[in-house]
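Here the structure comes first, spelled out in structure tokens, and everything after it is commentary.
Nothing in this text is a laboratory measurement; each read-out follows from the coordinates by a stated rule. Here the structure is a predicted model, which is why all the values come from computation and not from measurement. All Cβ positions, even for glycine, are placed from backbone atoms using ideal geometry, and neighbour counts span all protein chains on display.
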Amino acid sequence: MNVETLVDLFEYATQTHRKSNTFLTKRAGQYEPVPAEEVREKVYLVGAGLVSLGVKKRDRIGLLSENRPEWAIVDFGILWAGAINVPIFPTLPVAQIRDLLLDCEPRVLFVSNVKQLENILSIAGDLPSLEKIIILEGIAGPSHPVTSFTQLLESGARFLKGNPGMVEEYRRQIRPDDIASIIYTSGATGIPKGVMLSHGNIISNVLGCAEAISIDHSDLALSFLPLSHIFERTVDYLMLYRGASIAYAENVETVAENMLEVRPTLVACVPRFFEKMYARIQETMQASSPLRRGLMSWALKVGRQFNHSTRANRRVPVLLRLQKGVAEILVFSKLKKKLGGRLRFFISGGAPLAPELAEFFFSAGILILEGYGLTETSPVIAVNRPAQFKFGTVGPPLHNVSIKIAADGEIWTRGPAVMKGYYGKEAETRDVMQDGWFHTGDIGVLEKDGFLKITDRKKDIIITATGKNVAPQKIENLLKSNPHFLNVVVVGNKRPFLSALIVPNPAKVKQAAKALGLQSSDYGKLIHDPQIYQHYMGQIQRLATDLAPFEQIKRIVLLENDFSIEKGEMTATMKVRRRIVEDKYRDLIEQIYSKTGRE
């Protein structure tokens, strides 16, 4: 069948790939399959249930839930009914949820559990458009506008019985140009904008990704990035289209355990996942015996040499092949086993990935395919391919995407995946859309071999008091490739030199304190100790030998706690909201540059 809308994609996926394990979800301590037939039935019941409530085409329907099979079922049910899915990130503060719901004015809101229901009921008086709340898990309370998911399915069943032809009738009414979703994105600015994506926008991106990356019915993806954002959502649409199964992680904290349980063949991640994994590996190495540390270092060296030979199409010497086999048995197989043992590759997006990390994992036989895109582009613009990748780049553009580099280095793109605009914000839409080209706000280079390289965010460029332009992400990624640093924000706009807010690795701080003979066990005091400060400045100077003098970090502040989504300091895809962080730590930054600040 012709796949032109997301409803078409659902019909194609569930009819062509009649899998017994379309989804997998953990219940009563173990993963259980959800077959295609059950998914199809529930999608129709959700859609019919919404129609029975009076939902009409183009009505906005909110979805406030963690990843789970019901998320996808509700999503397709909303789309089948001709309505617009407005997903809300489940850990947002209640005040922010209220602001988003006031902006999009949903008639119906799905919530995942009693806790989310209580949050919504606390602000329901401020939401005049909201007619009905549907709770996915748990029993509806005494409040009249609250309905349980089971009750909705029962209403849908009754409605379908009286309207037997409506399934195909509603599917045919959906057009590629219809808005499928409004996805709120605030990025680094913190100002929410509702990105309107049509069925055709998202489908074009799914088809472009399907052409770029080989996926089939034998694949199983672990889904843990939030479905309320377009990256994981498009990946999951791609999995369904290609007939792959999707297992839902319980939560972000259980991903390592869930990987062992479901043994995925591919996983979509953000760079923060790999930074933490790398830090754990380094800590394990440091705690190991000299023999084990030496073995790991040798294996990584062998892996690098082997990869350089094969990627350069050179003949691999027999001895190197034998060494690679030994390294695989003694070292790499153990690391791969912790990832489930079947992983073909990771897909990384949402933020820049340090090439040093990609090289490190590839030396161990773990391939990370970095891609690039924005919510406004549905999202993928470019991606590395399993047989065509280059670390330090985000790969070639998709076949149905055009890009060009503007005179100031900004990346512009156009194609069928570019959004319809920002909901209710015509002026903001005009600011980023000119002559058919979407202005991404990212700075990059299109290399001669067709690979796209991102160098920074246009608005993040630091211009020092001496007039030097500095790309902070390059420096931040360099430092975060070292296990001593969990997070880094470089500052220095209109200042005489660069400084940085550093979130150190607590284990490394304690390790350094022990080596320096510091007696305090109070972590809060340790990070303010002058010797720890000098230790971290020494780490920075050692890593920054290849940076220009004006790119050198002159002063730092060590922070006790990492940045978080809950505190508004990071986006859902783990990108630091630079302006918010700089505003929150304004006093500390001023102290850095004061005359009494540490030299």
Task: ³J(HN,Hα), Karplus 6.51/-1.76/1.60, whole Hz, each residue of segment 65-80, x for Gly, Pro - done: 7, 6, 5, 5, x, 5, 4, 5, 5, 5, 4, 5, x, 4, 5, 4
- [ ] Can you tell me the order of 200-208, 418-426 when each peptide is scored by its average per-residue count of other Cβ atoms within 10 angstrom, highest first?
- [x] 200-208, 418-426
Task: Proximal aspartates and glutamates relative to Lys193, as straight alpha-carbon distance under 16 Å, when same-chain residues fewer than 8 apart are discounted - done: Asp99, Asp103, Glu105, Glu376, Glu426, Glu428, Asp431
Open item on the list: Could you tell me the center-to-center distance, by alpha carbons, between segment 535-588 and segment 395-431 in angstrom?
Closed with: 29 Å
- [ ] May I ask for the distance between the Cα centers of segment 178-244 and segment 1-78, given as a whole number of Å?
- [x] 15 Å
- [ ] Could you tell me what percent of the DSSP beta bridges with both partners in the chain are antiparallel, to the nearest 5?
- [x] 55 percent
Task: Qualifying lysines (Cα of each under 22 Å from Cα of Lys26; at least 8 residues distant if same chain) - done: Lys42, Lys115, Lys337, Lys338
Task: Candidate lysines for bridging to Lys508, where Cα separation is under 20 Å - those fewer than 8 sequence places away on the same chain excluded - done: Lys276, Lys480, Lys525
- [ ] Sort the following peptides by mean Cβ neighbour count (other Cβ atoms within 10 Å, averaged over residues), highest first: 463-475, 285-297.
- [x] 463-475, 285-297
Open item on the list: Taking 20 °C and 1.002 mPa s as the conditions, I'd like the Stokes-Einstein D for segment 461-593 in µm²/s, using the Kirkwood hydrodynamic radius from alpha carbon pairs.
Closed with: 140 µm²/s
Task: Order by protection proxy (mean Cβ within 10 Å, highest first), peptides 255-267, 29-41 - done: 255-267, 29-41
Open item on the list: Can you compute the helix-only [θ] at 222 nm over the chain? Use -39500 (n - 2.57) per DSSP H run of at least 4 residues, normalise by all residues, nearest 500 deg cm²/dmol.
Closed with: -12000 deg cm²/dmol
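With Cβ to Cβ distances under 15 Å as the rule, what net charge do the other residues near Gln15 carry (K, R +1; D, E -1)?
In short, -1.
Looking at the P(r) of segment 1-63, how many percent of alpha-carbon pairs lie beyond 15 Å?
Result: 64 percent of Cα pairs exceed 15 Å.
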